[in-house]
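Below is one structure, written out as structure tokens; comments come after it.
The values are calculated or read from the model by the stated rules, or taken from the named source; none is laboratory data. Bear in mind the structure is a predicted one, so any value in this text is a computation, not a measurement. Cβ: placed from backbone, ideal geometry, glycine included. Neighbour counts: every protein chain shown. What goes into the accessible areas is simple: the full protein's heavy atoms, side chains included, and nothing from ligands, DNA or RNA. Shrake-Rupley method; radii C 1.70, N 1.55, O 1.52, S 1.80 Å.
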Amino acid sequence: MSSEVIGREVKRRRTFAIISHPDAGKSTMTEALALHARMISEAGAVHGKGGRRSTVSDWMEMEKARGISVSSTALQFKYAAAGDDPDLPHVINLVDTPGHSDFSEDTYRVLTAVDAAVMLIDAAKGLEPQTLKLFQVCRHRGIPVITVVNKWDRPGQTPLELIDEISERIGLIPTPLYVPVGIAGDYRGLLDRRTGEYIKFTRTAGGAKVAPESILDADTARDTEGAAWVAASEESELLGELGQDHDQEMFLAGQTSPMIFTSAMLNFGVRQLLEALVEFAPPPRGRVAIDDTTREVADPFSAVVFKVQAGMDSSHRDRLAYMRIVSGQFERGMVVSHAQTGKPFATKYAQAVFGRDRATVDTAYPGDVVGLVNAMALAPGDTLYLDPKVQYPPIPSFAPEHFSSLRVTTADKYKQFRKAIDQLDAEGVVQVLRNDLRGDASPVLAAVGPMQFEVVTARMKAEFNVDTVIEPLGYALARRTDEASAPELTRQRGVEVFTRTDGAILALFSDKWRLQYIEKEHKDLLLEPLVAAAD
């Protein structure tokens, strides 16, 4: 495959994730985007109002029951933006992420696979804790962010209040592409700041269809909307005087953020978000390997595995590894090398995944996400490649904050129990810790949030028919240590030392005061914070 063809395909692609606090409307926005791209004919709110089916990207029973996203899902669709050749539309890769804070480690892994992020915030609540945490990950990884204010059809803050909050709290300068016409709770349309035109929206029944748009000039908008248009015009002029207009270089540098006001529930402002993604979000770029060399997008094939998931189809005991293609062209059936083991890996069963629906993938390009079926040897962070060899940096694990022991209720299920633990560990559902004292019969599970433990017990039962008992342990935080420090730490009260599956040695502490005391009294011991450790 020529570099010219790969270059053309790369330019068409946009790969992004949505980051948000729970209940900001992320799953509803995901469906609204798919609706506008004509991937589905009718959107269903996450709570399934009026008999509408549950969100297509949330497939676990727990997700359906609670109206939350637990696992990430990759959605790919084509979108012909304004000015696109209809025969060569843009290819959008949306990597959906868990919305609940208990699953932020899975979101962190997803953010290693995208080139941009949409920061979705609630018009009434503004920046919330989970959004802030994930934004810091984006900043750390140099991922540019588009800000979307959702739920503008409900009462909320003013545009200027939200702009000020973002600027003051995270130092990101919002540059609104549009100003809403009508206050929060009275969403009529958008003033396009670049053209001066009015985009007037018309509601559809239940917000299930694409909202019709009318484009009006400024004079007609003033006559139609009166004071609401005047207020929006004045806000737009003020933003211009403050210099808060879009600057592409500053956006890519992570200094500014294009801003759009939407209602995912009503499908207002969704097309404008898609257009902004196509116009401003960066296409796939090369990636730095562990030896500090850069694998460019036109170089031979390489990819990073960022998620492994089993149990997506109850009729098949398969295991799906999601890989983000970094360079070259992927062709189904090609035999690639697994950097971590040096062994060959056949890619006969490659699929695109849309919620639970799957389709065979024959070819794919940088930026695309491909699911490899029955990928038992692959784990998050692994690299696949064609010569010359390349290996990308591993994906760090989050610092766990909750710890529990897990045991099977009946001895005759122990073999299935061990198999299930190994599978969930490989997927990264939880971190599995072991030591000689506890043995394999009662491993310790470490998690960012307690709901991860519920996922473990639910999947143990559903996929392996194993009943388990989870027992919380009296530990509150973990630090990385080493073999030299382990004996002394083991002698300390309120401390227990474990080995994680990846070989890392972790010391668990009953509370931060116990940790501080040991750090003060034993300065020679290695006690390193993990990624995103709590203060």
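Here's a check for you: in the stretch 441-470, which residue that is farther than 16 Å from VAL430 by Cα and buried (at least 18 other Cβ atoms within 10 Å of the Cβ) is farthest from the chain's Cα centre (by Cα)? Looking at residues that are farther than 16 Å from VAL430 by Cα and buried (at least 18 other Cβ atoms within 10 Å of the Cβ), I get VAL466.
Of the residues contained in the stretch 185-207, one or more are found to be on the phi > 0 side of the Ramachandran plot and modelled with pLDDT under 95.
Inside the stretch 471-513, residues that are crowded, with 16+ Cβ neighbours inside 10 Å and closer than 17 Å to PRO529 by Cα make up a count of 23. Consider the stretch 126-143 and keep the residues that are closer than 25 Å to ASN267 by Cβ and over 14 Å from the mean Cα position of the chain (by Cα). The one that is most open to solvent (accessible area, probe 1.4 Å) is GLU128.
Rundown of residues vs (1) touching a strand residue (DSSP E or B) at 6+ places or on another chain (Cβ under 6 Å); (2) part of a loop (DSSP other than H, G, I, E, B); (3) without any contact (Cβ under 8 Å) to a residue 40 or more places away in the chain; (4) of a type in the set (D, E, K, R), yes/no style:
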{"residue": "GLY381", "(1), (2), (3), (4)": "no, yes, no, no"}
{"residue": "TYR392", "(1), (2), (3), (4)": "yes, yes, no, no"}
{"residue": "PRO396", "(1), (2), (3), (4)": "yes, yes, no, no"}
{"residue": "LEU406", "(1), (2), (3), (4)": "yes, no, no, no"}
{"residue": "ASP412", "(1), (2), (3), (4)": "no, no, yes, yes"}
{"residue": "LYS419", "(1), (2), (3), (4)": "no, no, no, yes"}
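Yes or no: ILE143 hydrophobic (A, V, I, L, M, F, W, C), in a loop (DSSP other than H, G, I, E, B) and under 24 Å from ALA117 (Cβ atoms)? Spell out the reasoning first.
Working: hydrophobic (A, V, I, L, M, F, W, C): yes; in a loop (DSSP other than H, G, I, E, B): yes; under 24 Å from ALA117 (Cβ atoms): yes.
Judged against the criteria, ILE143 is a match.
For the stretch 81-101, a tally of residues being crowded, with 16+ Cβ neighbours inside 10 Å, at pLDDT 85 or above and part of a loop (DSSP other than H, G, I, E, B) returns 2.
Those residues that are open to solvent by less than 10 Å² (accessible area, probe 1.4 Å) and not β-branched (Val, Ile, Thr), I need them from the stretch 319-337; list them, please. Passing the criteria: LEU320, ALA321, TYR322, MET323, ARG324, SER327, GLY328, PHE330.
Of the helices (runs of 4 or more DSSP H) that lie entirely inside the stretch 219-316, those containing 3 or more residues that are more than 22 Å from ASN93 (Cβ to Cβ), out of contact with any Gly (no Cβ under 8 Å at 6 or more places or on another chain) and acidic (Asp, Glu) span 227-241.
Of (1) touching a Phe, Trp or Tyr at 6+ places or on another chain (Cβ under 7 Å); (2) over 30 Å from LEU508 (Cβ atoms), LYS348 satisfies all except one. Which? Evaluating LYS348 over (1) touching a Phe, Trp or Tyr at 6+ places or on another chain (Cβ under 7 Å); (2) over 30 Å from LEU508 (Cβ atoms) leaves (1) as the failure.
Could you grab me the full set of residues in the stretch 250-262 that are touching a strand residue (DSSP E or B) at 6+ places or on another chain (Cβ under 7 Å) and over 15 Å from LEU277 (Cβ atoms)? Please lay out each step first, then the result.
Applying the first criterion (touching a strand residue (DSSP E or B) at 6+ places or on another chain (Cβ under 7 Å)) to the stretch 250-262 yields 250-251, 255-262.
Selection gives MET250, GLN255, THR256, PHE261.
Of the residues VAL430, VAL455, VAL448, which is at pLDDT below 95, in contact with a Pro (Cβ under 7 Å, 6 or more places away or on another chain) and of a type in the set (Val, Ile, Thr)?
Details: VAL430 fails: in contact with a Pro (Cβ under 7 Å, 6 or more places away or on another chain); VAL455 fails: in contact with a Pro (Cβ under 7 Å, 6 or more places away or on another chain).
None of the other options fit; the residue is VAL448.
Within the stretch 390-406, does at least one residue satisfy the condition of being farther than 22 Å from GLU496 by Cα and more than 23 Å from the chain's Cα centre (by Cα)? Scanning the stretch 390-406 turns up at least one residue that is farther than 22 Å from GLU496 by Cα and more than 23 Å from the chain's Cα centre (by Cα).
When you go through (1) in contact with a strand residue (DSSP E or B) (Cβ under 6 Å, 6 or more places away or on another chain); (2) at pLDDT 95 or above; (3) within 26 Å of ALA17 (Cβ to Cβ) one by one for GLY156, which number turns out not to apply? Of everything listed in (1) in contact with a strand residue (DSSP E or B) (Cβ under 6 Å, 6 or more places away or on another chain); (2) at pLDDT 95 or above; (3) within 26 Å of ALA17 (Cβ to Cβ), GLY156 misses just condition (1).
Figure legend. Inter-residue proximity from the stretch 199-216: first residues among the acidic types (Asp, Glu), second residues in a strand (DSSP E or B) and open to solvent by 30 Å² or more (accessible area, probe 1.4 Å), beta-carbon distance below 8 Å, spacing 6+ or different chains. Indicated pairs: GLU213/LYS200.
So, in the stretch 396-438, how many residues would count as being among the aliphatic types (A, V, I, L, M), open to solvent by 70 Å² or more (accessible area, probe 1.4 Å) and closer than 23 Å to ALA476 by Cβ?
To start, the set of residues in the stretch 396-438 that are among the aliphatic types (A, V, I, L, M) comprises 399, 406, 408, 411, 420-421, 424, 426, 429-430, 432-433, 437.
After this cut, where a residue has to be open to solvent by 70 Å² or more (accessible area, probe 1.4 Å) as well, the list is 411, 437.
Still in the running and closer than 23 Å to ALA476 by Cβ: 437.
Summing the residues that are among the aliphatic types (A, V, I, L, M), open to solvent by 70 Å² or more (accessible area, probe 1.4 Å) and closer than 23 Å to ALA476 by Cβ in the stretch 396-438 gives 1.
Residue-level check: of (1) over 17 Å from VAL288 (Cα atoms); (2) assigned to a helix (DSSP H, G or I), VAL149 misses just (2). Hey, does the stretch 211-230 have a residue that's open to solvent by less than 40 Å² (accessible area, probe 1.4 Å), at pLDDT below 95 and in contact with a Lys or Arg (Cβ under 7 Å, 6 or more places away or on another chain)? Checked against the condition, which is being open to solvent by less than 40 Å² (accessible area, probe 1.4 Å), at pLDDT below 95 and in contact with a Lys or Arg (Cβ under 7 Å, 6 or more places away or on another chain), the stretch 211-230 yields at least one hit.
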